[in-house]
Amino acid sequence: MSQPQEPQGASKLLIDLGPLLVFFLVNFLAPVPAFMKIFVATGAFMVAMVAAMLFSAIRYHRISPLLWFSGIMVVILGGLGQIPGAIIGGILIGTTNNVITKAYGIDEIIAKVIVLLMIVAFIMVRPSGLVKTSERSYD
């Protein structure tokens, strides 16, 4: 059996950086009021992310498990169903992972394990996630 082909060159850039580029372009160029741009850009980013994952799955027959793992960590840290928490959680996880990987020269998988342990410790202290939901009364 042959080894599965890994993305190279432009395909790797498209998969890795395409959704981020879409986010910034839409945030800059969207013809909507200023306070709505972040929401439109986030929606466009999600669509671009799904497109990149589908492209990767169809063309290379695999999607990195680290991508799925990162998404689950963002949902857990941000609080299930909390869009502001997910945005803040994604930024925090991405920044922390990059700092651990680049500044300390640690392997990416080990950095993800360190971030996971930090999230577990945080969730033990604050189980509701980063953004606390308001209690609803159904009287």
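Where a number appears in this text, it was derived from the coordinates with a stated rule and is not lab data. Computed from a predicted structure; not experimentally measured. Cβ coordinates were reconstructed from backbone atoms using ideal geometry, including for glycine residues, and neighbour counts include every protein chain displayed.
Just tell me which lysines come within less than 18 Å, Cα to Cα, of residue 112; anything on the same chain fewer than 8 places away is out. Candidates past the 8-residue exclusion: 102. Each residue of segment 107-116 is assigned a 3J(HN,Hα), and the resulting list reads 4, 4, 5, 5, 4, 5, 5, 4, 5, 4 Hz, derived from the Karplus form 6.51 cos²θ - 1.76 cosθ + 1.60 (θ = phi - 60°), x at Gly and Pro.
Distance between the 7 Å Cα→Cβ label points at residue 75 and residue 29: 3.2 nm. For an R0 of 35 angstrom, estimate the FRET efficiency from the Cβ-Cβ distance between residue 36 and residue 5 and round to the nearest 0.05. Approximately 0.30, to the nearest 0.05. With the simple model of a label 7 Å out from the Cα in the direction of the Cβ, residue 95 to residue 20 spans 1.5 nm.
How would segment 1-63 be classified by its alpha-carbon gyration tensor: rounded, prolate or oblate, with rounded meaning a/c under 1.5 and the a/b versus b/c comparison settling the rest? Note, shape of segment 1-63 comes out prolate.
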